[in-house]
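Take a look at the structure below.
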Amino acid sequence: MILLFIGIQLPLVLLGIRPTAPELLHMLVGERLADGYNMYRDIYDNTAPLSALVFWLLDVVAGRSFLAYRLTAMGLILLQALLLNSTLNRHNVYATKNYLPALLYLVLGSLSFEFNMLTPLLIGNTFLILSLPYIITLNREGFDNNRLFVGGFMLGLAAMSYLPLAVFLLVGVFAVIFFASNTFRSTMLMLCGFLFPYAVLMTYYMYTNTAQEFLELHLLRPWHLQVAFLRPPSDVAKLMMIPGFVLILSLLSAASLPQRLVFQVKFQQLMWVWLLTSLLVIFTRDEISVATFVIILPPVAYFGQFFFTSNRKGWILNTVFLVMLAVALLLRYRLVLGINQFMQMDESPLLLPEQSPVPMQSSTVLVLGSDISYYMQNKPVTPYLNWNLAQRHFSRLNEYQAVFQLHENFRHEMPQYLVDKTGLMPELSYKLPDTFGKYEATGEAGVYKLK
């Protein structure tokens, strides 16, 4: 099973890795942190604290390495599959113990290169799976109470990796209702575990005078209750067709099962809650792509067991699995095989240009806009890394406080080049001549160089 996963993934890594904009943004966050700047106070980005810590560690170890990010993501997918399968076997969730859930997890996790992108959601999904054995423990009054606290703590770490995963606290509440003896006390214990890492984090930010920025840029960011696809919806539908087909077959098989143990029935009800919560998180994001669907892999792998161990004829089950594996290989290797023109999938919204047409190399740069390809060969300076969050200053140039904050941030860091993609330089030069008046236009449109 592990060799199959590595056999699918490793050739693509050796053939070369196309850099993507989300991965570059995460690298820039880690690079700024490694240079000694504080998250949220000196880096305007909404990356969750624990994910930012992972990006910082990767930058310290490997620097700007897309290979390191992809290998780390592969390791997390493999770890998640094995942890989930181990939990299912250890708690006798099925009638028999096997490795089918892990096999399904790894095959479906190889459908797209987006599952191999190290995202905050992928990091947080690891902690969700780690919380599972703690929240399904059959609790009695006075026994094993610490396990619910640990389960809540893991859910808190998941939210600290990707904030919307805090919704999975609902899964924890339903687990308490299904398995615990004292519902109210157990819920409070799990809630304390969930809030404990945030209490520690807020204490740190209060001591470093960053609490207000943390609340504004990350914790209190509004939810966008709308469906916005980062890639064409048709591409996402094509890639998610196989997991959806397997899930439908599996749910039908699970519904026709004979009477089972009470624990197994309750666990299945909990995985229904997990599946519905995953869909809620997916379709309330401001940017939806294939990578967002990584959180449905655990319930799909769990329910998939019921179909592939059903009483249907063996040749039917084997054919379905082989077709699933073949489609996964075709989708993953479509560019290498030259068949993408038949599937008509467009990955360009995620990818960075192969040859970036930037006029500067190995310099410090600030881009006034959302095009971060200029940072591929250059180093970002000033806190304005995420252009959407930079609007808290650049979109309020008629307010004294915003202009003052711009002056203070540029007083500490002056980039060698400014790339103006929004046409703000005339107004900035007029309102802050001692800062932006030091830049002169170059031969490239919208590119200014420090005099």
| Under a 1.4 angstrom probe, counting protein chains only, how are Trp272, Trp315 ranked by accessible area, largest first? | Trp315, Trp272
| field | Placed amide H near Leu368: partners under 5 Å, 5+ positions off or other chain | value | Val419, Asp420, Lys421
| field | Charge tally in the Cβ shell below 12 Å around Leu12, where Lys, Arg are +1 and Asp, Glu are -1, Leu12 excluded | value | +4
| query | Going by the alpha-carbon gyration tensor, a ≥ b ≥ c the square roots of its eigenvalues, is the chain rounded (a/c under 1.5) or, if a/c is not under 1.5, prolate (a/b greater than b/c) versus oblate? | reply | oblate
| said: Can you tell me the orientation of helix 169-179 relative to the chain, as the angle in degrees between its alpha-carbon axis and the longest Cα principal axis, to the nearest 10? | reply: 20
| note | Shape call for the range 87-140, from the Cα gyration tensor axes a ≥ b ≥ c (a/c under 1.5 means rounded, otherwise prolate when a/b beats b/c, else oblate), comes out oblate
| Accessible carbon and sulfur surface of the range 324-451 relative to its total accessible area, %, 1.4 Å | 52
| request: Could you order Glu114, Glu444, Glu427 so the one with the most accessible surface comes first? Probe is 1.4 Å. | output: Glu444, Glu427, Glu114
| remark: Between the residues Leu297, His412, Val281, the Cα farthest towards the positive end of the dipole of the chain, that dipole coming from +1 and -1 charges on the beta-carbon of Lys, Arg, Asp and Glu, is from Leu297
| said: Taking the Cα centre as origin and putting +1 on Lys and Arg beta-carbons and -1 on Asp and Glu beta-carbons, what dipole magnitude results for the range 229-370, to the nearest 20 debye? | reply: 700
| said: What is the angle, in °, between the Cα long axis of helix 120-135 and the longest principal axis of the Cα atoms in the chain? Nearest 10 is fine, range 0 to 90. | reply: 30
| note | Expressed per residue, the solvent accessible area of the chain in Å² (1.4 Å probe) is about 44
| note | Per the helix-only model, the chain has a calculated mean residue ellipticity at 222 nm (DSSP H runs of ≥4, -39500 (n - 2.57) each, divided over all residues, rounded to the nearest 500) of -18500 deg cm²/dmol
| query | Of all the accessible heavy-atom surface of the range 198-314, with the other protein chains kept in place and a 1.4 Å probe, what percent is carbon and sulfur? | reply | 66
| field | Value of Rg to Rh for the range 319-393 (Rh from inverse mean 1/r over Cα pairs, i.e. Kirkwood) | value | 1.21
| Residue by residue through the range 286-292, which ³J(HN,Hα) values in whole Hz follow from phi under the Karplus form 6.51 cos²θ - 1.76 cosθ + 1.60 (θ = phi - 60°), with glycine and proline marked x? | 6, 9, 10, 9, 4, 4, 5
| Round to a whole number: what % of the accessible area of the range 74-132 belongs to carbon and sulfur, probe 1.4 Å? | 70
| remark: With all protein chains in place and a 1.4 Å probe, Leu10 shows an accessible area in Å² (nearest 10) of 70
| Considering only DSSP beta bridges with both partners in the chain, what is the antiparallel share in %, to the nearest 5? | 50
| task | Highest first, please rank the peptides 166-174, 95-103 by the mean number of other Cβ atoms sitting within 10 Å of their residues. | result | 166-174, 95-103
| query | For the range 340-413, which trypsin sites (Lys or Arg not before Pro) are in a loop by DSSP, counting at most 16 other Cβ atoms within 10 Å? | reply | Arg396
| field | Alpha-carbon Debye profile of the range 295-451, log10 I(q)/I(0) at 0.08, 0.10, 0.15, 0.18 Å⁻¹ | value | -0.46, -0.59, -0.84, -1.07
| Solvent-accessible surface (1.4 angstrom probe) belonging to Leu67, in square angstrom, nearest 10 | 80
| remark: With +1 at each Lys and Arg Cβ and -1 at each Asp and Glu Cβ, the charge dipole magnitude of the chain around its Cα centre, to the nearest 20 debye, comes out at 1440
| task | Please give the solvent-accessible surface of His91 in Å², to the nearest 10, using a probe radius of 1.4 Å with every protein chain present. | result | 50
| Cα-based Rg of the range 129-219 per 2.2 N^0.38 Å, rounded to two decimals? | 1.16
| query | How far is the Cα center of the range 268-291 from the Cα center of the range 17-41, in Å? | reply | 27
| Listed residue pairs exceeding 21 Å between alpha carbons, taken from Lys421/Lys449; Lys431/Lys451; Lys97/Lys238 | Lys97/Lys238
| Volume per residue of the C-alpha convex hull in the range 9-134, rounded to whole Å³ | 109
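The values are calculated or read from the model by the stated rules, or taken from the named source; none is laboratory data. Since we're looking at a predicted model, the values are computed, not measured. With ideal geometry, Cβ positions are generated from the backbone for all residues, glycine too; neighbour counts draw on all protein chains shown. The area values use the complete protein model at the heavy-atom level, side chains included, leaving out ligands, DNA and RNA. Shrake-Rupley method; radii C 1.70, N 1.55, O 1.52, S 1.80 Å.
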